[in-house]
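> Take this structure first; my questions come after.
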Amino acid sequence: MAASTHSTDQSTKMDGAMPLKSRPAAAAIILLLGLAAMLFGLALSVSVGAADIKLATVWEAVFRFNPDLQQHQIIRELRIPRALAGALVGACLAVAGAIMQGMTRNPLADSGLLGLNAGASAALALTFALAPASSFLYIMLYCFTGAAAASILVFGIGSLSHSGLTPLRLTLAGAAVSALLLAVSQGVAILFHLSQDIAFWMAGGIGGANWTQLRIMTPWIAGALIIAMMLSRSITLLSLGRDVAAGLGQRTRLVQFTGIIVVVILAGAAVSTVGPIAFVGLIIPHITRYLVGVDYRWILPCSAVLGSLLIVFADIAARLINAPYETPIGALIAVIGVPFFVYLARKRKGEL
Amino acid sequence: MNRLLTSPAAQQRRSRDITIISLLAILIIIMFVVSMNTGLMRLSPLDVLHTFLGGGTEQQKLILFDFRLPRIVISILVGAGFAVSGCILQGLSRNALAEPSTLGINAGAGFAVIIFISFVPATTGAHIYVLPLMALAGAVLTAALIYVLTYRREDGLSPTRMILIGIAVGAGIYAIQLILSLRLDPQNFQFVSIWLAGKIWGGDWRFVLALLPWLVILLPFAFYKSRVLNLLSLGDQTSAGLGLPVERERILLLAAAVILSGACVAVSGGIGFVGLIAPHLARRLVGPKHQVLLPACALVGALLLITADTIARWILQPAEIPTGIVVAIIGAPYFLYLLARSKA
């Protein structure tokens, strides 16, 4: 550990934009407060909606469920899965973004901007068109495949050239792959007359989440998050540069390969449930790094909590802003995400 | 200067350029004929020729003059417009990957069109003349926004920062477009979604008329400024050193590029990548001098779009896919190829 602390200090000298060191105390506070805020957010999310339900009724529906009451049914079958799906998806997108940013040392990495979400979307559009009766498990597996194909394209092309994976190159490859896969989705949608169905889903919405989806996706997400935590120390080293990591005896290729698999599962699971929501994976890891420092053993869990909070509260806002209509949450988050991206792109000096 | 121009090497070069440009023109004419023959109603080349010379049945006349011809003319104009716009942007930013759609300008134009359609349904006739103006306004406002967001006092306009911010602004606008388009009724939604995917509006000469004035003014303007573009693509310091008012020329040319692509988006929706690919192909054919590059670029762009539009009509008959999708499916891999090869 002494060696890595030492190199952390060195890297902060090289990259002044980074906070000085890791702050475990801040991380612990975020985790505790975040989980408390999450409980509140989940309760609020369950009570807010087209039919306003009192928190007391929510409590009763959970602990003294009465199947004859319509409100209890709404809470059990619609509201609770929706709230939980929001929390899970937020964690997925934020952790996927954090891993990508750490491994590629690219401050602009995000599963939405790098085409992974578009890959999962194209796979999903194809599934809607060619095998509409597929069960959610298969839909999710197809989304994994789509996200994997997109990541191979983006990272493969980004690293083919001499100068390697610069942030600009990766972002451009992501934009081009997104455009390609978006064209595929649009073509499929128009050919099979699925335009409006797919458009609703493309806009990102958690309204359709149900218990079956949750049951199927939770083990995958849990597994991926556990592997991510096991990788976190290696990701910290990679975030200092491949040479540093390799010099410290790390098998960087293995770590990167596993990391990409984890990212593909997280992004694919998220997109298969709520559609392509961009910018979460961009914003949350930056805020988290600012708060807790450079150690990914703290960044990953804190990103998960903050990402969940962002989506849960954004989903509540999406229902309130233009009630009784829902605002697509993907669009809502883009409205926050774009200024953030512009801020990041402006802040950096000549190297971008 | 004069001696250089008349030297054997320069003459050889000039005759090569002329050959390439004539070849491109011939290819366009060939694609024109093929395109006239392609579609749901099959017409043989002889029938087409016959109809053109004043013969042919009423039905053949209707198909050729009222449906296919305007669409083909629009493809040619839009292809040339996007290509020249992309060429100007690449020269100005000294970035080989700049183009109207990566810079978010197309998204801005599309956004303005959707706002307009949200208030004035597509079924009314008035929108034909107003839409191009709305798209122009959207394109200009977006370009101004990106310009302002990119500019920093310390280092001015960094081309890479401009592209990154363009991509982000484009993504944000796309998301807001989705919100607005979901609120439309199904008929308008269908119109907007196909339009956004990049479909050339056939069957109407009025669109040709709406687009033509912009191209007639701006294409010659770009050709007229080709020497300025040559200088600007050498870098700001060099151009300023040679006595060029850099800031003023840049704004003028930027405005020309933005207005060109805005006008094209208005009649063709979200067709991307033409502005990227055409300048690259043209540069390979005739080299980096804008005097030759710009006309070659316009021809390559027209050829690309007329080909893509023919494929779009032919590939999945009788269903028809928007041209923008064909261009993206061909163009994105080419973009990735360029990206993998590029050095800086």
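The values are calculated or read from the model by the stated rules, or taken from the named source; none is laboratory data. Since we're looking at a predicted model, the values are computed, not measured. Cβ sites come from the backbone with ideal geometry, for glycine too, and all protein chains shown count toward neighbours. Areas reflect the complete protein model, heavy atoms only, side chains present, ligands, DNA and RNA absent. Shrake-Rupley method; radii C 1.70, N 1.55, O 1.52, S 1.80 Å.
> Within 28 Å of B:L338 (Cα to Cα) and in a helix (DSSP H, G or I): which single residue out of A:L153, A:L141, A:L114, A:L124 fits that description?
On the way: A:L141 fails: within 28 Å of B:L338 (Cα to Cα); A:L114 fails: in a helix (DSSP H, G or I); A:L124 fails: within 28 Å of B:L338 (Cα to Cα).
Answer to the check: A:L153.
> When residues of the stretch B:259-317 are filtered for being in contact with a Pro (Cβ under 6 Å, 6 or more places away or on another chain) and closer than 19 Å to B:L229 by Cα, how many remain? Show your work before the answer.
To start, the set of residues in the stretch B:259-317 that are in contact with a Pro (Cβ under 6 Å, 6 or more places away or on another chain) comprises B:261, B:263, B:266, B:275, B:297.
Checking the rest, the ones that are also closer than 19 Å to B:L229 by Cα come to B:261, B:275, B:297.
Here the count works out to 3.
> Additional query: Would you mind finding the one in A:D295, A:D243 that is open to solvent by 30 Å² or more (accessible area, probe 1.4 Å) and either more than 14 Å from chain B (Cβ to nearest Cβ) or at pLDDT below 85 (or both)?
On the way: A:D295 fails: open to solvent by 30 Å² or more (accessible area, probe 1.4 Å).
So the residue among A:D295, A:D243 that is open to solvent by 30 Å² or more (accessible area, probe 1.4 Å) and either more than 14 Å from chain B (Cβ to nearest Cβ) or at pLDDT below 85 (or both) is A:D243.
> Of the numbered conditions (1) open to solvent by 20 Å² or more (accessible area, probe 1.4 Å); (2) at pLDDT 85 or above, A:A17 fails exactly one; give the number of that condition.
Unmet for A:A17, out of (1) open to solvent by 20 Å² or more (accessible area, probe 1.4 Å); (2) at pLDDT 85 or above: (2).
> OK, next. So in the stretch B:189-200, with the set limited to residues that are open to solvent by less than 10 Å² (accessible area, probe 1.4 Å) and in a helix (DSSP H, G or I), which one is farthest from the other protein chains (Cβ to nearest Cβ)? Explain how you work it out, then say what you get.
Looking only at the stretch B:189-200, we keep the residues that are open to solvent by less than 10 Å² (accessible area, probe 1.4 Å), and these are B:189, B:192, B:195, B:197-198, B:200.
Of the ones still in play, those that are also in a helix (DSSP H, G or I) are B:189, B:192, B:195.
Values: B:F189: 6, B:V192: 10, B:W195: 11 Å.
Residue satisfying both the conditions and the ranking: B:W195.
> Taking the stretch B:1-43 as the region of interest, how many residues are at pLDDT below 75 and either open to solvent by 100 Å² or more (accessible area, probe 1.4 Å) or under 30 Å from B:T310 (Cα atoms) (or both)?
10
> Would you be able to say whether some residue in the stretch B:296-317 is modelled with pLDDT under 85 and open to solvent by less than 10 Å² (accessible area, probe 1.4 Å)? Walk me through how you get there before you give the answer.
Taking the stretch B:296-317 and keeping what is modelled with pLDDT under 85, we get B:312-317.
If we keep only those that are open to solvent by less than 10 Å² (accessible area, probe 1.4 Å) too, we end up with B:312.
Taking every residue of the stretch B:296-317 in turn, at least one turns out to be modelled with pLDDT under 85 and open to solvent by less than 10 Å² (accessible area, probe 1.4 Å).
Residues are listed down the side, and each one gets a yes or a no for (1) within 26 Å of B:L178 (Cα to Cα); (2) more than 10 Å from chain B (Cβ to nearest Cβ); (3) open to solvent by 10 Å² or more (accessible area, probe 1.4 Å):
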position: A:F144; (1), (2), (3): yes, yes, yes
position: A:A149; (1), (2), (3): yes, yes, yes
position: A:G158; (1), (2), (3): no, no, no
position: A:L168; (1), (2), (3): no, no, yes
position: A:S178; (1), (2), (3): yes, no, yes
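> Does B:G275 qualify as being buried (at least 24 other Cβ atoms within 10 Å of the Cβ) and modelled with pLDDT under 90?
Numbers: buried (at least 24 other Cβ atoms within 10 Å of the Cβ): yes; modelled with pLDDT under 90: yes.
Considered against the rule, which asks whether it is buried (at least 24 other Cβ atoms within 10 Å of the Cβ) and modelled with pLDDT under 90, B:G275 comes out as yes.
> Return the residues of the stretch A:218-234 that are in contact (Cβ under 8 Å) with a residue 40 or more places away in the chain and open to solvent by 40 Å² or more (accessible area, probe 1.4 Å); say none if nothing qualifies. Spell out the reasoning first.
At the first step, the residues of the stretch A:218-234 found to be in contact (Cβ under 8 Å) with a residue 40 or more places away in the chain are A:218, A:220-221, A:223-225, A:228-229, A:231-233.
A:T218, A:W220, A:L225, A:M229, A:R233 - these are the residues of the stretch A:218-234 that are in contact (Cβ under 8 Å) with a residue 40 or more places away in the chain and open to solvent by 40 Å² or more (accessible area, probe 1.4 Å).
> Take the conditions modelled with pLDDT of 75 or more and over 24 Å from B:L97 (Cβ atoms) and apply them to B:V130. Does it pass? It would help to see each step written out before you state the result.
On the way: modelled with pLDDT of 75 or more: yes; over 24 Å from B:L97 (Cβ atoms): yes.
So B:V130 fits the description; yes.
> Pick from B:F111, B:F119: which is modelled with pLDDT of 75 or more and open to solvent by 60 Å² or more (accessible area, probe 1.4 Å)?
On the way: B:F111 fails: open to solvent by 60 Å² or more (accessible area, probe 1.4 Å).
So the residue among B:F111, B:F119 that is modelled with pLDDT of 75 or more and open to solvent by 60 Å² or more (accessible area, probe 1.4 Å) is B:F119.
> Looking at the structure I just gave you, is B:I217 in contact with a helix residue (DSSP H, G or I) (Cβ under 7 Å, 6 or more places away or on another chain), of a type in the set (A, V, I, L, M, F, W, C) and free of Cβ contacts under 8 Å to residues at least 12 places away in the same chain?
Numbers: in contact with a helix residue (DSSP H, G or I) (Cβ under 7 Å, 6 or more places away or on another chain): no; of a type in the set (A, V, I, L, M, F, W, C): yes; free of Cβ contacts under 8 Å to residues at least 12 places away in the same chain: yes.
Taking the combined requirement at face value, the residue does not satisfy it.
> Can you tell me which residues in the stretch A:231-288 are on the phi > 0 side of the Ramachandran plot and hydrophobic (A, V, I, L, M, F, W, C)?
Going residue by residue through the stretch A:231-288, those that are on the phi > 0 side of the Ramachandran plot are A:241, A:249, A:275, A:279.
Hit for the stretch A:231-288 is A:F279, nothing else.
> Write out, first by first residue and then by second, each pair whose Cβ atoms fall under 8 Å of each other, whose residues are 6+ apart or on separate chains, and whose first residue, in the stretch B:54-83, is without any contact (Cβ under 8 Å) to a residue 60 or more places away in the chain while the second is outside any helix (DSSP H, G or I) and surrounded by fewer than 22 Cβ atoms within 10 Å (Cβ to Cβ).
That search, which allows pairs on different chains as well, returns B:Q59/B:M41; B:Q60/B:L43; B:I63/B:G39; B:I63/B:M41; B:I63/B:L43; B:L64/B:L43; B:L64/B:G56.
> Tell me which residues, restricted to the stretch A:251-276, are polar (S, T, N, Q) and within 27 Å of A:P328 (Cα to Cα).
If we filter the stretch A:251-276 for residues that are polar (S, T, N, Q), which is where we start, we get A:252, A:256, A:258, A:272-273.
Those that are polar (S, T, N, Q) and within 27 Å of A:P328 (Cα to Cα): A:S272, A:T273.
> Now, a different point. What are the pairs, 6+ residues apart or on separate chains, where a residue within the stretch B:321-338 that is under 23 Å from B:I74 (Cβ atoms) has its Cβ under 8 Å from a residue that is in a loop (DSSP other than H, G, I, E, B) and open to solvent by 20 Å² or more (accessible area, probe 1.4 Å)?
Close Cβ pairs satisfying both conditions: B:I321/B:I315; B:P322/B:K199; B:T323/B:K199; B:G324/B:K199; B:G324/B:G270; B:V326/B:I315.
> So A:N117 passes all but one of these: (1) within 17 Å of A:G49 (Cα to Cα); (2) open to solvent by less than 20 Å² (accessible area, probe 1.4 Å). Which condition number does it fail?
A:N117 satisfies all of (1) within 17 Å of A:G49 (Cα to Cα); (2) open to solvent by less than 20 Å² (accessible area, probe 1.4 Å) except (1).
> State whether one or more residues within the stretch A:71-83 are open to solvent by 20 Å² or more (accessible area, probe 1.4 Å), polar (S, T, N, Q) and either in a loop (DSSP other than H, G, I, E, B) or over 15 Å from A:V264 (Cα atoms) (or both).
yes
> Please specify each residue of the stretch B:151-169 satisfying the condition of being within 8 Å of chain A (Cβ to nearest Cβ) and open to solvent by less than 40 Å² (accessible area, probe 1.4 Å). Before you say what the answer is, go through the steps one by one.
Initially, the stretch B:151-169 is screened for residues within 8 Å of chain A (Cβ to nearest Cβ), giving B:152, B:155, B:158, B:160-161, B:163-165, B:167-169.
Matches in the stretch B:151-169: B:R152, B:S158, B:T160, B:R161, B:I163, B:L164, B:I165, B:I167, B:A168, B:V169.
> Taking the stretch A:311-337 only, how many residues are surrounded by fewer than 24 Cβ atoms within 10 Å (Cβ to Cβ) and part of a helix (DSSP H, G or I)?
10
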